[in-house]
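To start, the structure itself, in structure tokens.
The values are calculated or read from the model by the stated rules, or taken from the named source; none is laboratory data. Predicted model, so just to flag it, every value in this text is computed and none were measured. Note that we place each Cβ from the backbone using ideal geometry, even for glycine, and neighbour counts take in every protein chain shown.
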Amino acid sequence: MQIFRFFSSPPSIFIDDDNGNYGPECNRCLPAEAPKRYDGRGKLFGKGNFMVDWFVTYRGIVLPRHCDHYGHLNVRFYAQFFDDAGFQMMHQAGVTLESLRAQGLGAVIANISIDFVAEIKAGELMRIEGVFRRIGGKSLTHEQRLYAADSDRLCATQTGVEVFFDLEKRVSAPIPDDIRRLIEPLVVAEAN
């Protein structure tokens, strides 16, 4: 694969010679954390009410082909964008697919719940942010939020439960201690 750089600073864009897709180069151009805001959850710091525990997992634009007959983002694409963003959750913790496979493990979504808050329409930029909410013996819970990027309007939230499983036996498996140590510091419990 040959990479052509159009910008000397992020976001860098690449053209994948294999299929002609455009996109952020390995998502390295995404900021490590989301814009600082406080919503009653997470830790406060400094003089302001800021939340730093969330990180950006996806950026994109709503295209006309993503919209339904009402002119807003169709439910099937919320699921697609949240799913694409979900792959970044483990990456943010430093857990790679290769490290899971080396231990004979995988992680699969066992449950998702999406709450639709406000519509987002064709031409609007979107940003998805994520945070880990809980880590158990064999599963973890994360929450993601989809925003209209220009207005910072919350459009939808998704809560997902991922279960670790043994690739050979095809049954749930305990989360290994090395992976737990990477994720636990990132867990932010929901405010009561």
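Here are the numbers for this structure:
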read-out: Strands (runs of 3 or more DSSP E) fully within the range 79-180 counting 1 or more residues that are over 14 Å from THR57 (Cβ atoms) and aromatic (Phe, Trp, Tyr); value: 105-116, 153-166
read-out: Odd one out for LYS43 among (1) surrounded by fewer than 16 Cβ atoms within 10 Å (Cβ to Cβ); (2) at pLDDT below 90; (3) in contact with a strand residue (DSSP E or B) (Cβ under 7 Å, 6 or more places away or on another chain); value: (3)
read-out: Test: residue in the range 58-69 that is within 30 Å of ASP166 (Cα to Cα), modelled with pLDDT of 90 or more and aromatic (Phe, Trp, Tyr); value: yes
read-out: Filtered residues of the range 81-93 (kept if of a type outside the set (D, E, K, R) and surrounded by 13 or more Cβ atoms within 10 Å (Cβ to Cβ)); value: PHE81, PHE82, ALA85, GLY86, GLN88, MET89, MET90, HIS91, GLN92, ALA93
read-out: Exclusive hit being touching a Phe, Trp or Tyr at 6+ places or on another chain (Cβ under 8 Å), buried (at least 18 other Cβ atoms within 10 Å of the Cβ) and more than 15 Å from ALA85 (Cα to Cα), set LEU154, LEU140, LEU146; value: LEU140
